[in-house]
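The values are calculated or read from the model by the stated rules, or taken from the named source; none is laboratory data. This one's a predicted model, so the numbers in the text were calculated from it and none came from an experiment. Here the Cβ is made from the backbone with ideal geometry for all residues, glycine too, and neighbour counts use every protein chain on show. The protein model used for the area step is the full one, side chains on, heavy atoms only, and it has no ligands, DNA or RNA in it. Shrake-Rupley method; radii C 1.70, N 1.55, O 1.52, S 1.80 Å.
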Amino acid sequence: MKPSILALVLMSALPATCLAQDADAPDTGWSGTGELGLAIAKGNTDSETLTGSLALSHEDPVWRHAVGASFLYGKSDGLETAYRYDVFAESGYRLTGRSYLLGSIRNERDHFASYEYQWTASASYGYEAIKREATQLTFEIGPGYRWAKLQGVQVHNNETIVRGSMEFKHAFNANTSVYDTLLVEAGSDNTFAVNDAGVKVKMTQALALKAGLETRYNTDVLPGIKNTDNLTTINVVYDF
């Protein structure tokens, strides 16, 4: 079964009451965030590293939707040193003021990791433990399935997983905030985890600078490849 088909099955498995969307609920429209970071070195070593991401979200009293993509590309002395991108999409239906059901799908591809790609699809229960203007803390957990292929060989690791996530945000004031997001996809063959933490400082209403540390971890890796990857970034952010 293809990932896109399973995602539709997962979404259709939501309770029938999900179809009873409140037609009178206010529509706040879509909002988004784009990020871009670039490092260039010329001299004894010629290297370029480019990172970027784009995320769109929409939420009303009943539904919440989000889509996004990110990438990392690096080259040193004419040789590719980094190539990774991932995309995701999710839709959720609110049960109460703090809880919701969520269907999500994610795809990651990496030329320099143990896995050439990892597709995952899941259905989760989410709960907003802290929901204040300055501070938000949200947890999600649920079952899913992963399609994965090892790098450079025709070996596939397809398995049932448990997906869990945590998202924390806190604004110290109107200009400075911190964030920490954690995603875990645990299976018998491999457990994948990624944590992204950092600080964001607004320069204008729309533009900001963000410094972050992203840590990616796989329990099962090929010989010669490390379990953990760390990426430190300083990006320009545009909110719209």
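Figures for the structure shown
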| read-out | value |
| --- | --- |
| Computed [θ] at 222 nm, deg cm²/dmol, the chain (DSSP H ≥ 4; -39,500 (n - 2.57); rounded to nearest 500) | -1000 deg cm²/dmol |
| The stretch 153-193: chymotrypsin sites (Phe, Trp or Tyr not before Pro) falling in loop per DSSP and having at most 11 other Cβ within 10 Å | Phe172 |
| Neighbour-limited loop hits for trypsin sites (Lys or Arg not before Pro), the stretch 74-178 (at most 13 other Cβ within 10 Å; DSSP other than H, G, I, E, B) | Arg98, Arg132 |
| Candidates Asn173, Asn107, Asn195: whichever shows maximal mean-square fluctuation once the chain is modelled as a Gaussian network with Cα springs under 10 Å | Asn173 |
| Whole-angstrom gap from the stretch 53-99 to the stretch 199-240, using each part's C-alpha centre | 13 Å |
| Residue-span extension gain [Asn195 to Leu38] - 0.36 nm each, minus C-alpha spacing | 54.4 nm |
| Space enclosed by the convex hull of the alpha-carbon atoms of the chain, per residue, Å³ | 137 Å³ |
| Val221 accessible area, 1.4 Å probe, all protein chains in place, Å² to nearest 10 | 40 Å² |
| Local electrostatic count at Ser53 - Lys and Arg +1, Asp and Glu -1, tallied over other residues with Cβ under 11 Å | -3 |
| Solvent-accessible ranking of Trp119, Trp147, largest area first, probe 1.4 Å | Trp119, Trp147 |
| Cross-link pairs beyond the 23 Å C-alpha cut-off, checked among Lys131/Lys200; Lys75/Lys169; Lys75/Lys226; Lys149/Lys226; Lys42/Lys200 | Lys75/Lys169; Lys42/Lys200 |
| FRET efficiency estimate (nearest 0.05) - Cβ-Cβ, Asn227 to Ala134, R0 41 angstrom | 0.70 |
| Loop GluC sites (Glu not before Pro), the stretch 113-179 (other Cβ atoms within 10 Å of the site Cβ: 15 or fewer; DSSP) | Glu133 |
| Potential extension, His58-Thr176 segment - 0.36 nm per residue separation minus Cα distance | 40.1 nm |
